[in-house]
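Structure first, commentary second.
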Amino acid sequence: MLLDGLIARSVPRGQRARSTFVALQFPGEFVDLHAFPLKQLDHDVISLTDTHVAIISHEPLRELLNGDVEMARKLWLMTLVDASIHRHWVMRNSAMRALARVANFLSEFDARMTAAYGMERQSLPFSLRQTDIADATGLTSVHVSRTLRELREHGCCAVTGGKLLIHDRAGLHKVGQFEPAYLYMPRAEAAL
């Protein structure tokens, strides 16, 4: 389980080629829960930042799940949410134009960081490089650079000095056609 930092799920494109990111994992998320039933992963798991993880062996996890049906359902739910996010990434990277892709990616990053740290902020730590954004959105680094400039000029956000500065969250969501339902985040009223 990822306690702090960012981890990418990555599929190599071929010998000595860059990889394609197929998912990002944020604090509070299992990194390789898929390996529990599958026994091995079909992709790489790479750290994008300094990370802290908790290692949970499969045997104690199996014993816990066999004795706690509700816990088994919650972990199953986590894998279903991973699948929902994966489907969204496929749609985003195949159906959206570059500006919308990057805006959508940054909107998701913002939403998931907010969930991980429990509060919405205008300034988020952002140690991803343009090549990382390119690998996550299926674009070239040059295209990402142009797109980030466009988002800055639109007044939506800026990526600078290891930070993602959100100037206009609603505008960023509009440009990115971002509807967060696929993230299955708990709603504030559900907690009441």
(message) Restricting to Cα pairs below 8 Å that are 6+ residues apart, what does the relative contact order work out to for segment 117-180? Please round to a whole percent.
(response) 33 percent
(request) Could you check the simple spin-label distance between residue 87 and residue 181, using points 7 Å along Cα→Cβ, in nm with one decimal? (result) 1.1 nm
(message) For a protection proxy built on the mean count of beta-carbon atoms within 10 angstrom, sort 101-109, 89-97 highest first, please.
(response) 101-109, 89-97
(request) Compute the FRET efficiency between residue 174 and residue 49 as 1/(1 + (r/R0)^6), taking r as their Cβ-Cβ distance and R0 = 45 Å, and round to the nearest 0.05. (result) 0.95
(message) Quick check on the chain: helices-only [θ] at 222 nm, where DSSP H runs of length 4 and up contribute -39,500 (n - 2.57) each and the sum goes over total residues. Nearest 500, please.
(response) -14500 deg cm²/dmol
(message) Using 0.36 nm times the number of residues separating residue 116 and residue 68, minus their current alpha carbon distance, what extension gain do you get?
(response) 14.8 nm
(request) Compute the acute angle (0 to 90°) between the alpha-carbon long axis of helix 69-95 and the principal axis of greatest extent of the alpha-carbon atoms of the chain; round to the nearest 10°. (result) 30 degrees
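What percent does the relative contact order of segment 8-123 come to when contacts are Cα pairs within less than 8 Å and at least six residues apart? Intermediate results must be reported in sequence, preceding the final value.
Details: 69 pairs, mean separation 26.6, N = 116.
Computed over segment 8-123, the figure is 23 percent.
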(request) Pop a pseudo-label 7 angstrom from the Cα along the beta-carbon direction at both residue 35 and residue 1 and give the gap in nm to one decimal. (result) 1.7 nm
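Bear in mind these aren't lab numbers, they're just calculated from the coordinates by the rules spelled out. These numbers come from a predicted model, not from an experiment. Using ideal geometry, Cβ is built from the backbone for each residue, glycine included, and neighbour counts are taken over all protein chains shown.
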